[in-house]
Amino acid sequence: MPAASAPPRLAVFKFASCDGCQLQLLDAAGLLEIAERVQIVHFLEATSRIEPGPYDIGLVEGSISTPHDAERIREVRRQCRFLITIGACATSGGIQALRNWGRLDEFIGAVYASKPYVDSLATSTAIADHVPVDFELRGCPIDTGQLVELITALLLGRKPRVPAHSVCVECKARGTVCVAVAKGVPCLGPVTQAGCHAICPAHDRECFGCFGPAEAANLVSLTGFYERRGTPADSLLRLVRGINGYAPAFRAAGDELEAAGRGDP
């Protein structure tokens with residue numbers, strides 16, 4: 001973003017989410033340095049003070065899950081020069097996208113006494129399914145270092161340096177023994193974008209795909225390999241239909257398992 005006489009105006013918006021990615025913004029070590037170069041004019045997680053748009057940078061957390069959300073995100077898009085989605089909810093629909101494979105009326109009837117008071121869409125979907133997005137920052141939650149790098153890149157007018165390689169590279173970098181090879185654990189690390197620093201494999205757990213699919217991820221091939229090695233298909237279906245289950249690559253793998261009758265719907 002070219003230098004201007006006035007600092008760029010930054011706004012943070014929330015849709016259907018747990019607020020975890022906004023908390024990462026508040027916890028970012030480089031936030032104070034960034035705050036000296038931008039005006040944070042809309043961020044309800046931090047302050048009730050709101051300044052009207054337009055905004056230079058808009059950060060959006062959360063998925064679109066109600067008709068009101070679908071209308072509001074279009075207005076947010078109109079108000080923002082750059083629109084950045086942050087976190088799994090905003091980039092793939094989040095864990096709440098599990099409802100996309102079920103029946104909304106049944107969910108509502110099981111929870112609420114009166115259905116007419118509930119105004120909800122049948123699906124939970126990514127921001128990019130509704131409006132153009134300039135950049136997607138993955139994670140559940142996002143990595144604070146990546147967030148600071150992204151905002152810094154926008155301020156300097158350069159491309160963000162966010163890794164596109166898989167979690168496997170992070171395992172190698174920290175010297176973590178591969179749980180898939182050494183222990184036979186079905187791990188999504190080979191097809192998941194880096195960013196978490198391989199926390200789960202470092203504790204002898206599989207990668208759950210929190211940062212979404214890596215470039216050219218072939219989940220159908222990976223789940224097929226794990227299935228041939230003895231992992232039950234229903235376990236694989238639950239694994240790929242997790243935090244980023246509605247991301248296209250993960251969704252394709254889950255739908256393939258279900259369509260073939262090899263996993264529970």
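The values are calculated or read from the model by the stated rules, or taken from the named source; none is laboratory data. A quick note: this is a predicted structure, and the numbers were derived from the prediction, not measured. Cβ sites come from the backbone with ideal geometry, for glycine too, and all protein chains shown count toward neighbours.
Overview of values
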| item | result |
| --- | --- |
| Residues of region 1-23 that turn out to be modelled with pLDDT under 90 and touching a Ser or Thr at 6+ places or on another chain (Cβ under 8 Å), as a count | 0 |
| Residue in region 97-119 that is touching a residue at least 24 places away in the same chain (Cβ under 8 Å) and more than 26 Å from residue 208 (Cα to Cα) present | yes |
| Segments classed as strands (runs of 3 or more DSSP E), wholly inside region 23-95, with at least 3 members that are in contact (Cβ under 8 Å) with a residue 12 or more places away in the chain and under 21 Å from residue 126 (Cα atoms) | 55-61, 80-86 |
| Residue in region 206-215 that is more than 24 Å from residue 123 (Cβ to Cβ), at pLDDT below 95 and not assigned by TED's automatic domain parsing to the domain that holds residue 91 present | yes |
| Extreme residue, surrounded by the fewest Cβ atoms within 10 Å (Cβ to Cβ), among residues of region 114-136 that are aliphatic (A, V, I, L, M) and part of a loop (DSSP other than H, G, I, E, B) | 122 |
| Complete set of residues in region 202-226 that are within 25 Å of residue 93 (Cβ to Cβ) and not in a loop (DSSP other than H, G, I, E, B) | 213, 219, 220, 221, 222, 223, 224, 226 |
| Considering residues of region 34-46 that are out of contact with any helix residue (DSSP H, G or I) (no Cβ under 8 Å at 6 or more places or on another chain) and at pLDDT below 85 only, the residue nearest to residue 87 (Cα to Cα) | 35 |
